[in-house]
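S.K.: Before we start, here is the structure in question, set down as structure tokens.
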Amino acid sequence: MKMAAKPIRCDAFVLSDYAGNLPADVKSRYIQKISDIQIDPLLIPANKMSEECLPPVECIDLLSYLVLDTSFYTNAQFKAF
């Protein structure tokens, strides 16, 4: 049986064991990314997650994102087909 992750206190909010074990520079970026929502996503219980919270995705959305979009780094079209 897997034990529950013991949360680690950050200045603003509680962090998961995963976040607590990250290297300092990566941990800093992780905290910066989750600071807007004020909770570590790994601490959200599974029963609070729901597919109904996600926006609907259509086939054209996937085509647009995976094939027609361009890379931020290379300015080349993805063309992932």
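The values are calculated or read from the model by the stated rules, or taken from the named source; none is laboratory data. Keep in mind that what you see is a predicted model, and the values were worked out from it rather than measured. When we count neighbours, we look across all protein chains shown, and the Cβ atoms used for this are built from the backbone with ideal geometry, even at glycine.
S.K.: Any idea how many residues of region 71-81 are at pLDDT 80 or above and of a type in the set (A, V, I, L, M)?
M.R.: 1
S.K.: How many residues does region 32-81 hold that are farther than 30 Å from residue 14 by Cβ and either not polar (S, T, N, Q) or not in a loop (DSSP other than H, G, I, E, B) (or both)?
M.R.: Here the count works out to 23.
S.K.: Residues in region 52-70 that are within 16 Å of the chain's Cα centre (by Cα) and either of a type in the set (Gly, Ala, Ser) or modelled with pLDDT under 85 (or both): how many?
M.R.: 2
S.K.: If I filter region 57-75 for residues that are in contact (Cβ under 8 Å) with a residue 12 or more places away in the chain, exposed (fewer than 11 other Cβ atoms within 10 Å of the Cβ) and on the phi > 0 side of the Ramachandran plot, do I get at least one hit?
M.R.: No, region 57-75 contains no residue that is in contact (Cβ under 8 Å) with a residue 12 or more places away in the chain, exposed (fewer than 11 other Cβ atoms within 10 Å of the Cβ) and on the phi > 0 side of the Ramachandran plot.
S.K.: Looking at (1) surrounded by 12 or more Cβ atoms within 10 Å (Cβ to Cβ); (2) at pLDDT below 90; (3) part of a helix (DSSP H, G or I), which is the only condition residue 5 fails?
M.R.: (3)
S.K.: Any residue in region 41-56 that is under 20 Å from residue 30 (Cβ atoms) sitting within a Cβ distance under 8 Å of a residue that is at pLDDT 85 or above and assigned to a helix (DSSP H, G or I)? List the pairs, counting only those 6 or more apart or interchain.
M.R.: Hits for this filter: 41/34; 42/18; 42/19.
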